[in-house]
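**Q** Shown below is the structure under consideration.
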Amino acid sequence: MLRIVHVVVFVKFVPEPQGTPTLGPDHLLVREGAEGALDPGDEYGLELALRLTEEQGGEVTAISMGPEDATAAVRRALAMGAAGALLVTDPVLRGADALGTARVLAAAAGRRPFDLAIAGVESTDGYTGTVPVTVAELLHIPSVTAVRSLEVSDDGIRTERQTETGTETVAAPLPSLVTVTAGAIEPRYPSLKGIMAAKSKPFETLSLADLGVDTALVAPEQRVIEVTEIPPKTAGEIVGADEGVARIADLLSEAKVI
Amino acid sequence: MASVWVFAPVSAEGAHPSAFELLTKARSLSDDVAAVALGPGASGASESLGRFGAPRVFVSDDSVFADHGAAPAAEALTSLVAEHLPALVLFPTTYEGRDVAGRLQAKLGSTLMSNATDVPALDRARTEIFGGTKVVDVELGGAEPRLVLVRPRSFAAEELAGAPAPEVVQVPADVPDEAKTVRVLERNEGSESGVKLEDARVVIAGGRGLGGPDAFSMLDELAAAIGDAAVGASRAAVDAGWVPYRYQIGQTGRTVKPEVYLGVGVSGALQHVVGMKGAKRIVAINRDAEAPLLKMADLGVTGDLFQIVPALTEEIRRRRSG
C-alpha cells in the first residue's frame with residue numbers, strides 16, 4: 001500500500017456563525033474586532049487527515065490565508081493535531097477573490113511536496129465552493145470533490161463521493177486534492193495536552209512577498225458596486241405544541257394544499 | 001456581438017433543468033447564445049437546449065467527459081473558449097458546475113463569481129449575502145470570458161417561440177492523459193419516488209432535530225397525508241448520512257419555492273435558508289424557541305416534534321375524511 005507522508009489541509013478563519021456580520025464603507029466584510037473561529041466545515045478534513053497520518057505515519061500541515069486574527073483558527077488546527085502551520089497574511093489580500101485566494105493557497109502548498117491536499121466542500125461564510133478545485137488545477141493535480149469517505153490503496157486513493165443523484169466510487173493517483181463533506185466523521189476536540197503542545201509547534205506567517213507571489217496576480221477582479229438591504233420579514237407567530245397542530249392544519253387549508 | 005454561453009450538465013435523462021433557466025437569461029443578454037453539453041446524452045439534449053434559446057450547441061457524447069471528473073470538460077472548454085471568445089459563460093451551481101468552472105478559472109485566469117442570483121449585464125452579477133438580508137451587485141473585471149455560477153431557480157425557464165433546430169457542433173474528445181487520471185469506478189444512482197421536491201406544493205424538510213434516519217418515515221407519512229408534498233432535508237441530516245444527498249435543500253443542494261415549507265427539527269442555518277426562503281409560507285416545528293428558522297417562520301410551533309408530527313398527520317387525515 002502507498003504510504004502517505006505529508007497531508008496539507010486548507011483551513012479558513014470565518015466570522016462567528018452566531019454573530020452579526022457587517023460590511024464596511026468599502027463594501028468589504030468588517031473583520032477587525034469581529035469574533036471568529038476555525039470554519040467548522042474544515043474540522044472534518046482535518047480529522048480525516050489526522051486519522052490517515054495516525055494510522056500510517058506522516059504529518060499534517062494546516063495552511064490558511066486570512067487576516068492576522070486567523071492565527072486563532074490555525075492554532076486550533078495545531079491543537080487538534082496538525083504538526084505545523086502556515087498562514088499567509090497581507091493587507092494586500094483584503095477583498096481577494098476566488099482566483100487570487102487560490103493562487104496564494106497553491107503557492108503556499110507548493111512550497112513543500114505533499115501526497116494529499118484536503119479542504120472543505122465550501123466555506124461556512126462565503127459558500128463559494130470553487131477555491132480548492134482551482135488550487136488543484138493551478139498545481140496540475142487531480143481533484144475529487146464532495147468526498148464522504150477515503151481510503152489509501154495500492155495506486156492512490158479510493159473515495160466515495162456525493163453526486164446530484166447518488167454516490168460514486170472514484171479513484172485518483174497521488175498527489176491529489178479532495179474536498180470532504182461535513183459529518184462523514186466526527187472531528188475531535190483539542191485536548192488540553194494538544195492545546196499546550198500547539199504552542200511549540202512550527203507556525204510560519206508569510207507575507208505575499210515572502211511567498212513570492214506578485215501582487216498583480218491577487219488583485220481582485222470582482223468589485224462590489226452596490227449593496228441593497230432587503231427589508232426584514234415581519235416576524236410570524238410562535239405557538240406551543242397544543243395549539244400548534246390545529247394552527248398548522250389551518251395554514252395548510254388556507255394555502256389550499258389540503 | 002459578445003456571445004454568452006451556458007454550460008449544460010447532461011445525463012441519459014437529458015440536460016439539467018438549470019440549463020434551460022440559464023439559456024432563458026442568456027437570451028436577454030445577447031443575440032449570440034450557445035450551449036455546451038459534454039458527455040453521454042449530449043446530442044440527445046441538444047434539441048431541448050435549442051428550444052430554450054441556444055441556436056448553437058457544442059456537443060460531445062464521449063464518455064471521457066463522464067468518467068474522469070471535471071478535468072476533461074475544463075480542457076474542452078478551454079479550447080472552445082480560445083477559438084470562439086465568448087464574453088460570459090454561465091454555469092449552474094451543482095457539484096459538476098463548480099468543479100468545471102473552478103478548473104476553468106485557473107486555466108483561463110478569468111474571474112469566477114459563485115452563488116449569483118441574477119446576471120444583470122455581461123459584466124455584472126448579483127448575489128445575496130448574510131442569509132438573503134442584503135443584495136450585492138458585483139462588477140466583473142479582468143479577461144473575458146467572465147465566469148458565473150448561478151443558483152438554481154434564479155430564473156423561470158421559458159421556451160423560445162419558433163426557435164429553429166439548433167446547429168450542433170461536435171467537440172473533439174481528444175483529452176490529454178493528464179486530465180484523465182481521476183477514474184469513476186462505480187455509480188450508485190438513488191431512485192426518486194413520488195413528487196419531485198421542486199414540483200411539490202408542500203415541502204417538508206427534516207433536520208438534525210429528527211435525531212436519526214428512522215424519523216424520516218414520520219415525515220413520509222405526513223407527506224402522504226397531504227398528497228402533493230415531498231420530503232427534503234437540511235445539510236446536517238444529509239451529512240449525518242440519514243438521507244441521501246438528493247434530499248438536500250440549500251446552498252449546495254436543491255432550491256424549493258413551494259406554497260408551504262414545513263421545517264421539522266431544522267435549525268435554519270444560512271446554508272439551508274437560501275434554498276427555501278422563496279417559499280410562500282414558512283412553518284417551523286422545533287424544540288428550541290431560539291432556532292433561527294422559528295424567527296423567520298410565518299408560524300412557529302415549539303415542542304416535541306415526535307408528538308406534533310404524528311398528531312398533525314392525524315389531524316390532516318381527519319379533516320380530509322370529514
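Here, each number is a calculation from the coordinates, and none is a lab measurement. None of these values were measured; they are calculated from a predicted model. Counting neighbours? That spans all protein chains shown, and the Cβs are built from the backbone with ideal geometry, glycine included.
**Q** Return the whole-Å distance between the Cα centroid of the range B:140-160 and the Cα centroid of the range B:7-59.
**A** For the range B:140-160 versus the range B:7-59, the Cα centre distance is 13 Å.
**Q** How far is helix B:216-226 tilted, in degrees, relative to the longest principal axis of the Cα atoms in chain B, given as a value from 0 to 90 rounded to the nearest 10?
**A** 90 degrees
**Q** Find the Cα radius of gyration of the range B:224-302, compare it with 2.2 N^0.38 Å by division, and give the number to two decimals.
**A** Ratio of Cα Rg to 2.2 N^0.38 Å: 1.01.
**Q** Would you order B:VAL184, A:VAL14 from fewest to most other beta-carbon atoms within 10 Å of each residue's own beta-carbon?
**A** Taking fewest neighbouring Cβ atoms as first place, the list is B:VAL184, A:VAL14.
**Q** Along the charge dipole of the range B:202-321, Cβ charges K/R +1 and D/E -1, which of B:GLY250, B:GLY303, B:LEU222 sits furthest on the positive end?
**A** B:GLY250
**Q** Tell me, what ³J(HN,Hα) does each residue in the range A:226-236 have, in order and in whole Hz, if you take phi through Karplus 6.51 cos²θ - 1.76 cosθ + 1.60 with θ = phi - 60° and put x for Gly and Pro?
**A** 7, 10, 10, 6, 9, x, x, 5, 5, 5, x
**Q** Same structure, new question: Relative to the longest principal axis of chain B, what angle (0 to 90°, nearest 10) does the C-alpha long axis of helix B:305-321 take?
**A** Tilt relative to chain B: about 90 degrees.
**Q** I'd like to know which of B:ALA74, B:VAL59, B:HIS16 lies farthest towards the positive end of the charge dipole of the range B:1-88, counting +1 on Cβ of Lys and Arg and -1 on Cβ of Asp and Glu.
**A** The residue sitting farthest along the positive end of the dipole is B:HIS16.
**Q** Using a 10 Å cut-off around each Cβ, can you sort A:ASP125, A:ASP242 from fewest to most neighbouring Cβ atoms?
**A** By the 10 Å Cβ count, ascending, the order reads A:ASP242, A:ASP125.
**Q** Pull up all non-local amide H partners of B:ARG146: gap of 5 or more, or a different chain, and H-to-H distance under 5 Å with H placed in the peptide plane.
**A** Counting only residues 5 or more places away or on other chains, the set is B:LEU88, B:VAL89.
**Q** What's the magnitude of the charge dipole for the range A:6-218 around its Cα centre, counting Lys and Arg as +1 and Asp and Glu as -1 at the beta-carbon? Answer in Debye, nearest 20.
**A** 440 debye
**Q** A follow-up question, please. Under unit Cβ charges (Lys, Arg +1; Asp, Glu -1), what dipole magnitude, rounded to 20 debye, does the protein assembly as shown have relative to its Cα centre?
**A** 740 debye
**Q** Taking +1 at the Cβ of each Lys and Arg and -1 at the Cβ of each Asp and Glu, which of A:GLY95, B:PRO120, B:ASN188 sits farthest along the dipole of the protein assembly as shown towards its positive end, judged by Cα position relative to the Cα centre?
**A** Ranked along the dipole, the leading option is A:GLY95.
**Q** Take B:GLU158 and B:SER321, extend 7 Å from each Cα along the Cα→Cβ direction, and tell me the distance between the two endpoints in nm.
**A** 4.7 nm
**Q** May I ask for the distance between the Cα centers of the range A:187-258 and the range B:201-238, given as a whole number of Å?
**A** If you average the Cα positions of each part, the centres end up 24 Å apart.
**Q** Run the dipole for the range B:262-322 about the Cα centre, Lys and Arg Cβ at +1, Asp and Glu Cβ at -1, nothing else charged, and hand back the magnitude in debye, nearest 20.
**A** 360 debye
**Q** Follow-up question, since we're still on this one. Gap in Å between the Cα centre of the range A:51-114 and the Cα centre of the range B:300-322?
**A** 49 Å
**Q** Calculate how steeply helix B:71-84 sits against the longest principal axis of the alpha-carbon atoms of chain B, using the helix alpha-carbon long axis, and give the answer as 0 to 90 degrees to the nearest 10.
**A** 50 degrees
**Q** If you average 1/r over every pair of different alpha-carbon atoms in chain A and take one over that average, what Kirkwood value in Å do you get?
**A** Hydrodynamic radius (Kirkwood, Cα only) of chain A equals 20.2 Å.
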